[in-house]
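*Asks:* Can you read through this structure? Questions will come right after.
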Amino acid sequence: MNQFDAIDSGEEVTSDDYTPEIEPQPTWCPGCGDYSVLKALKGAMSDLGRDPEEVLLVTGIGCSGKLNSYFDSYGFHAIHGRTLPLGRAAKMVNEDLEVVAAGGDGDGYGIGGNHFTHTARENHDMTYIVFNNEVFGLTKGQSSPTSPKGHTSKTQLKGVAKDPVRPMSLALSAGASFIARTAATNPKQAQEILVEAIEHDGFAHVDFLTQCPTWNKDGAQYVPYIDVQESDEYDFDVTDRREAAEMMHETEQALYDGKVLTGRYYVEEDRRTYQEEKQARDEMPESPVVGQYFDDEKEWERSYERLDRHT
Amino acid sequence: MTQDELIWRIAGGSGDGIDSTSQNFTKALMRYGLHVYTHRHYPSRIRGGHTYVEVRASEEPVTSRGDGFNVLLALGDSFARNPSAGAVYGDEKTKPLFENLDELNEGGLIIYDTGVLEDEDVGDLETQATENDWHLYPIDLRAIAREHGRDVMRNTAGVGATAALLDMPLDPIQELMSEAMGGDILDANLAVLSDAYEHTNAEFEATHDLRIPKHDHDEEQVLLSASHGISYGAIDEGCRFVSGYPMTPWTDVFTILKREIEDLGGVAEQVEDEIAASMMAIGASHAGAKALTGSSGGGFSLMSESIGLAEMTETPLVMVEAQRAGPSTGMPTKTEQSDLEFVLSTSQGDSSRVVFAPGNVKESYEQTRLAFELAYEYQLPAIVLYDDMLTGEFRNLPRSFFDREPNPDLGSIATEAELADLPHDVGGRYERFRTDGDTDVNPRSLPGMRNGRFLATGNEHWPDGQIAEDTANRIKQMNRRVSKVEVVRDALAEQASPDTVVGDEDADFALLTWGSQKGVVEEAVRRLTEAGHSIKALSVSQMAPLRTEEIADFLAGVEEALVVEMNATGQFKGLLQKEFGDYGDVLSSLLKYNGDPFEPAEIIEAVEIKQSGEGGDTSSETTLYPPAGDRS
């Protein structure tokens, strides 16, 4: 019997199914934006009817990495910046898994920047949530890749001399096929966007603005958000790369001027996922690799039969 | 010069087809019935530079490159020209003819290309030849190549000339060429081959007495390097996921697996860096595939943190470390055994891992299979440590050696039904890391399985994986992980030892070596024994956990033991001293770290100096440490 037959039991799933009985109360600071990510993710999984046992949540290091402790699915709390390669490999060997990676802005745009670029480029079918609070939290308030220029902290006494990373623009130019930004102050939109991101076939990047009340009291994430899809002020086609790029540019600039814009920025539905690309090239089997180990019918080849070119 | 063995060296510049020509010739010798062994020497560059491949062939099994060589096929220059651009890459002064003469044995043959070398280039070669009893065969290989095809077929002409001078029939060579190519290229090469053969026979009365012996293998043979051994071992264990980043010499395994694994329904990924490669192998393994990753020195350094993560999360992980001369980027295409200390403890914290250092093709296959079995049964990293020399060492093996059953077993994985009965915490999470079980290893569950959810984390954790800093739990979890190595040690003790002793078991003088130098040390012992010395040797290939009892037994009663290894600081000797206490009076080192592996004569020389009871140093490129006579 295939070990994975049990996936998709069809039973109704609620947010509570994702709430661990032990440690249901997170240890994040009061007022932390991370609570919103947790709630939105649980809500999205419940909306989608995903069984916790078919979900693999991979997190990095930092406050965001604690997400795994409060989200009761299969979890992998990995090392700093390395969530994406771990998650995408799990997906490549078992495409029946729902793989979600999550990490902070330092984790994803700093130490993990290379993996972010390449995972987006390859368009793996997975979701990546970046908790963007513009600061390192768990190590006590150092400036991060998204801290505004001039941001002062214990490691940037005279103010950051670098321009901040523009994460959505980076994701777009790297090749992500779904890019959105939402905010902790906007729970309804956050949940909707996560549902769309998880459902999307391809690499879905969600830049999730989360306030840090302890280390980044000045953060712009506190101000009321504007939903670019709801507002009459903005009119662009999310399927048009050029228009999306312009809108992202405006949004990423506006954030540092105190104006929080959120919404879907780029959605490319017809691009092949990496799995599909590889399958089209006969570089990947049609059925999950892991299934082979539980397939009683499978004949395992011996190297003996592959040695003729060496005789 | 002996009649019963050939050591043929083909030398030229990178891009001259040295590698492919030598591979074909080696295979032809194998099909002709001989035992073969190749040694590859190449520079870290694309075009030009001095390259050679040595092929040793004998009626008897061959375990090392031998001493020097006895036939030189010098192909033109050690530099390459781009005629269209008029550009020259490399050093024009370096001619393979002269570059190689230092190591050519007395009585040896020299075949060189008069089409490329002018008379003035050859200089005083005749004088040198007379002094050393060398036999010169100047042949215009380029002209023969040009007549039927292109300049580059000079290598085929050289093979034809070699066959003529050594009395070897052309059939096996022609057969191999026909299998490897077709059409006009094949016709041209066949014409060049037979023309060079006939021309050589007509032109020269052979003055040398070396002839290729005739032998027959009892059964069909295959020609493989240790990289093939590792790759086929992985495949037979059901490895269906490989991730890597190119780096010499690890690339050998990576490219072999890339070619094979997709046909078998697996996935092979070249990724953005080694950190991604190791994290992907962890991800694939965690999700339930058998995965392999690897690299060489620098790339393996980048994997450090992942190794610790695999240990902490108890994720099975099989890794290959193909050593090259370090530190840092060192000498990318040269061999060394200087990553032992590093690989034993890569990553922070107390480590629980298994490390093998296979000594030849056979062991590389067997120990890779064992690495998978242990990694998946005991949920820890298992590393196969080998080196550049073994990647270039092609040897023949009976094809039937590989007629072994595949083992796709994932190790200790619970079924969904079993999971339901295993302990869960009050919230229903599977206690994957419980510390009160009967064994140190709890069955794994795979994402997607019913009743198996748990958290894998690099932080210290409770039995269900939740992060914990509780001191009592910490001690229990640490003890359980670290003691897994002892469980592995016991499991390995049940198996036949891969560590082999040769020579006179009562000898009070011993050699110790590890990994790739096994074959050469064994040959040195054989020859020393024939010369009347009482000596024994132990080749260790299980580096962690070390078979300490066996080594202690071997060393009991030994008055002097020379530890032979290719590095500058005596890393294996250091490991032995750490494991056994001091042993300062007994152990000394014979080291080589110029980028080339040992030759048997170098070991024999060192033993003779040691046994003479007088002081002295080696004359070769090796180092005795402490120097002979200095027992301080």
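The values are calculated or read from the model by the stated rules, or taken from the named source; none is laboratory data. The structure presented is a predicted model; accordingly, all values stated were derived computationally and were not measured. Neighbour counts run over all protein chains shown; Cβ positions are idealised from the backbone, glycine included. When the accessible area is computed, the model is the full protein with side chains, heavy atoms only, and any ligands, DNA or RNA have been set aside. Shrake-Rupley method; radii C 1.70, N 1.55, O 1.52, S 1.80 Å.
*Asks:* Can you name the number of the only condition in (1) under 18 Å from residue B:284 (Cα atoms); (2) open to solvent by 10 Å² or more (accessible area, probe 1.4 Å); (3) within 14 Å of chain A (Cβ to nearest Cβ); (4) not aliphatic (A, V, I, L, M) that residue B:395 fails?
*Replies:* Just one mismatch for residue B:395, condition (1).
*Asks:* Just give me the residues in region A:229-258 being part of a helix (DSSP H, G or I), open to solvent by 40 Å² or more (accessible area, probe 1.4 Å) and without any contact (Cβ under 8 Å) to a residue 24 or more places away in the chain, in sequence order.
*Replies:* A:242, A:243, A:246, A:250, A:253
*Asks:* Further question on the same structure: Please give the strands (runs of 3 or more DSSP E) falling wholly within region B:260-366 in which 1 or more residues are acidic (Asp, Glu) and not assigned by the TED database to the domain that holds residue B:434.
*Replies:* Details: elements: B:267-270, B:291-295, B:317-323, B:354-356.
So the answer is B:267-270, B:317-323.
*Asks:* Which one is farthest from residue A:288 (Cα to Cα), of the residues in region B:476-491 that are open to solvent by less than 10 Å² (accessible area, probe 1.4 Å) and of a type outside the set (D, E, K, R)?
*Replies:* B:477
Here's the yes/no breakdown for (1) of a type outside the set (D, E, K, R); (2) outside any strand (DSSP E or B):
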site: B:8; (1), (2): yes, no
site: B:12; (1), (2): yes, no
site: B:16; (1), (2): no, yes
site: B:19; (1), (2): no, yes
site: B:23; (1), (2): yes, yes
site: B:27; (1), (2): no, yes
site: B:33; (1), (2): yes, yes
site: B:38; (1), (2): yes, no
site: B:43; (1), (2): yes, yes
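*Asks:* Quick one: is residue B:78 crowded, with 23+ Cβ neighbours inside 10 Å and modelled with pLDDT under 60?
*Replies:* Numbers: crowded, with 23+ Cβ neighbours inside 10 Å: yes; modelled with pLDDT under 60: yes.
Yes; evaluated as a whole, the condition is true for this residue.
*Asks:* What is the residue count in region B:235-250 for residues that are within 11 Å of another protein chain (Cβ to nearest Cβ) and in a loop (DSSP other than H, G, I, E, B)?
*Replies:* Total meeting the criteria: 4.
*Asks:* Can you tell me which residues in region B:421-475 are within 8 Å of chain A (Cβ to nearest Cβ), open to solvent by 30 Å² or more (accessible area, probe 1.4 Å) and outside any loop (DSSP other than H, G, I, E, B)?
*Replies:* Hit for region B:421-475 is B:467, nothing else.
*Asks:* Here's a follow-up. Of the residues B:507, B:568, B:537, B:524, which is at pLDDT 95 or above, outside the structural domain of residue B:356 (by the TED database) and in a strand (DSSP E or B)? So that I can check it myself, show each step before the final result.
*Replies:* Values: B:507 fails: in a strand (DSSP E or B); B:568 fails: in a strand (DSSP E or B); B:524 fails: in a strand (DSSP E or B).
Checking each option against the conditions leaves just B:537.
*Asks:* What residue, among those in region A:90-122 that are within 11 Å of chain B (Cβ to nearest Cβ) and hydroxyl-bearing (Ser, Thr, Tyr), is nearest to residue A:135 (Cα to Cα)?
*Replies:* Per the stated criteria, the residue is A:117.
*Asks:* Please go through region A:256-311 and pick out each residue that is more than 8 Å from every other protein chain (Cβ to nearest Cβ) and of a type in the set (Gly, Ala, Ser).
*Replies:* Answer for region A:256-311, where residues must be more than 8 Å from every other protein chain (Cβ to nearest Cβ) and of a type in the set (Gly, Ala, Ser): A:258, A:263, A:280, A:287, A:291.
*Asks:* Also, I was wondering about something else. Going by what's in this entry, would residue B:233 be described as within 14 Å of residue A:306 (Cα to Cα) and in contact (Cβ under 8 Å) with a residue 40 or more places away in the chain?
*Replies:* Details: within 14 Å of residue A:306 (Cα to Cα): yes; in contact (Cβ under 8 Å) with a residue 40 or more places away in the chain: yes.
So residue B:233 passes the test.
*Asks:* Go through region B:554-584 and give me each residue that's over 25 Å from the mean Cα position of the chain (by Cα) and of a type in the set (Phe, Trp, Tyr). Spell out the reasoning first.
*Replies:* Filtering region B:554-584 down to residues over 25 Å from the mean Cα position of the chain (by Cα) leaves B:554-560, B:577-584.
Passing the criteria: B:554, B:580, B:583.
*Asks:* Examine region A:146-169 for a residue that is assigned to a loop (DSSP other than H, G, I, E, B) and open to solvent by less than 10 Å² (accessible area, probe 1.4 Å), and state whether such a residue exists.
*Replies:* Step one: filter region A:146-169 for residues assigned to a loop (DSSP other than H, G, I, E, B), giving A:146-152, A:154-155, A:157-166.
Still in the list and also open to solvent by less than 10 Å² (accessible area, probe 1.4 Å): A:146-147.
There is at least one residue in region A:146-169 that is assigned to a loop (DSSP other than H, G, I, E, B) and open to solvent by less than 10 Å² (accessible area, probe 1.4 Å).
*Asks:* Continuing with the same structure: Since residue B:401 meets every condition but one in (1) buried (at least 24 other Cβ atoms within 10 Å of the Cβ); (2) within 24 Å of the chain's Cα centre (by Cα), which condition does it not meet?
*Replies:* (1)
*Asks:* Can you pull out every residue in region A:62-83 that is more than 8 Å from chain B (Cβ to nearest Cβ), open to solvent by less than 10 Å² (accessible area, probe 1.4 Å) and in a helix (DSSP H, G or I)?
*Replies:* Those that are more than 8 Å from chain B (Cβ to nearest Cβ), open to solvent by less than 10 Å² (accessible area, probe 1.4 Å) and in a helix (DSSP H, G or I): A:64, A:65, A:67, A:70, A:83.
*Asks:* With the requirement that a residue be assigned to a strand (DSSP E or B), without any contact (Cβ under 8 Å) to a residue 60 or more places away in the chain and out of contact with any Ser or Thr (no Cβ under 9 Å at 6 or more places or on another chain), what does region B:106-135 give you? Show your work before the answer.
*Replies:* Step one: list which residues in region B:106-135 are assigned to a strand (DSSP E or B), which gives B:106-113, B:135.
Checking which are without any contact (Cβ under 8 Å) to a residue 60 or more places away in the chain leaves us with B:110-113.
Selection gives B:110, B:112, B:113.
*Asks:* I've got another one for you. Can you tell me how many residues within region A:269-278 are assigned to a helix (DSSP H, G or I) and either more than 24 Å from the chain's Cα centre (by Cα) or among the β-branched types (Val, Ile, Thr) (or both)?
*Replies:* Matching residues across region A:269-278 total 0.
*Asks:* Specify the residue that is farthest from the other protein chains (Cβ to nearest Cβ); the eligible residues are those in region B:297-311 that are free of Cβ contacts under 8 Å to residues at least 60 places away in the same chain and not aliphatic (A, V, I, L, M). Spell out the reasoning first.
*Replies:* Filtering region B:297-311 down to residues free of Cβ contacts under 8 Å to residues at least 60 places away in the same chain leaves B:297-306.
Next, only the ones that are not aliphatic (A, V, I, L, M) stay: B:297-301, B:304-306.
Working: B:297: 20, B:298: 16, B:299: 14, B:300: 16, B:301: 15, B:304: 10, B:305: 5, B:306: 7 Å.
Only one residue fits best here, namely B:297.
*Asks:* In this structure, does residue B:254 turn out to be away from every other protein chain (no Cβ under 11 Å) and either polar (S, T, N, Q) or open to solvent by less than 40 Å² (accessible area, probe 1.4 Å) (or both)? Walk me through it before giving the result.
*Replies:* Details: away from every other protein chain (no Cβ under 11 Å): yes; either polar (S, T, N, Q) or open to solvent by less than 40 Å² (accessible area, probe 1.4 Å) (or both): yes.
So residue B:254 passes the test.
*Asks:* A further question on this structure: For residue B:152, only one of the following conditions fails: (1) in the same structural domain as residue B:25 (by the TED database); (2) β-branched (Val, Ile, Thr); (3) at pLDDT 95 or above; (4) surrounded by fewer than 24 Cβ atoms within 10 Å (Cβ to Cβ). What is its number?
*Replies:* The number of the failed condition is (3).
*Asks:* A further question follows. Does residue A:174 satisfy being among the aliphatic types (A, V, I, L, M), touching a residue at least 40 places away in the same chain (Cβ under 8 Å) and crowded, with 24+ Cβ neighbours inside 10 Å? Explain how you work it out, then say what you get.
*Replies:* Details: among the aliphatic types (A, V, I, L, M): yes; touching a residue at least 40 places away in the same chain (Cβ under 8 Å): yes; crowded, with 24+ Cβ neighbours inside 10 Å: no.
Answer is no for this residue.
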